[in-house]
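Student: This is the structure I have questions about; it appears just below.
The values are calculated or read from the model by the stated rules, or taken from the named source; none is laboratory data. None of the values given here were measured: they were computed from a predicted structure. With ideal geometry, Cβ positions are generated from the backbone for all residues, glycine too; neighbour counts draw on all protein chains shown.
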Amino acid sequence: MKKLLFPLFAIAIACTTTIVSCSKDNEQDITNNNPNPPDGGNNSCDTANMQYTRDVLPIISGSCYSCHGNGNVSGGVSLGNYAGLKTQADNGNLLHVINHDAGYPAMPQGGSKLSDCNINKIRSWINHGALNN
Ligand code: HEC
């Protein structure tokens, strides 16, 4: 019986060592993961420092001016200049309608919803005060 014990003990130690070294390898892999993947995944929609003229106006003029710009005031709403857009940004309607929130007419009416990226850009601009910049 005593003769059997040592080999079993040795196997037990060998197994434990293998398991410990394995878990260390895993730890190493996690530490070595690149926090900035080369495809730049989460940088694809940059919503920092959004400006009215550079970032927001092109979206609004492209998707909304046919009904709310150039003298068109569908639903009594004009987005054709900064003051008009600012009014809808401040009263909350702008974000609700482009988000297609329940209880608000979905905009652009009859068209497809703005991309998540463009909605996020407008949201970010509003959250930073909807400045005339
Ligand atoms: C095809 C025409 C058309 C387009 C394009 C359009 N709208 Fe509208 N919009 C309307 C009409 C019509 C109403 C009034 C709807 C109603 O009151 O039910 C309206 C109403 C609104 C309102 C007022 C909502 C409220 O609750 O009072 C806002 C804000 C608005 N639109 C924003 C936008 C924005 C932003 C875009 C572009 C992303 C856009 N619209 C594109 C026709 C349009």
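Student: Quick one: is ASN49 touching a helix residue (DSSP H, G or I) at 6+ places or on another chain (Cβ under 9 Å) and modelled with pLDDT of 50 or more? Even if it seems obvious, please write down each step before you answer.
Tutor: Values: touching a helix residue (DSSP H, G or I) at 6+ places or on another chain (Cβ under 9 Å): yes; modelled with pLDDT of 50 or more: yes.
The answer is yes for ASN49.
Student: A follow-up question, please. For the range 97-124, which residues satisfy the criterion of being without any contact (Cβ under 8 Å) to a residue 40 or more places away in the chain and near the ligand (Cβ under 7 Å from one of its atoms)?
Tutor: Correct list: VAL97, ILE98, TYR104, PRO105, GLY110.
Student: Among the residues of the range 63-78, what is the count of those that are closer than 16 Å to VAL97 by Cα and more than 6 Å from the ligand (Cβ to nearest atom)?
Tutor: Residues that pass the stated criteria total 4.
Student: Taking ASP39 and the conditions (1) part of a helix (DSSP H, G or I); (2) under 30 Å from the mean Cα position of the chain (by Cα); (3) at pLDDT below 50, which numbered condition does it fall short on, given that it satisfies the others?
Tutor: (1)
Student: Look at the range 79-96 and say how many of its residues are within 8 Å of the ligand (Cβ to nearest atom) and over 15 Å from ILE119 (Cα atoms).
Tutor: The number of residues fulfilling the criteria is 1.
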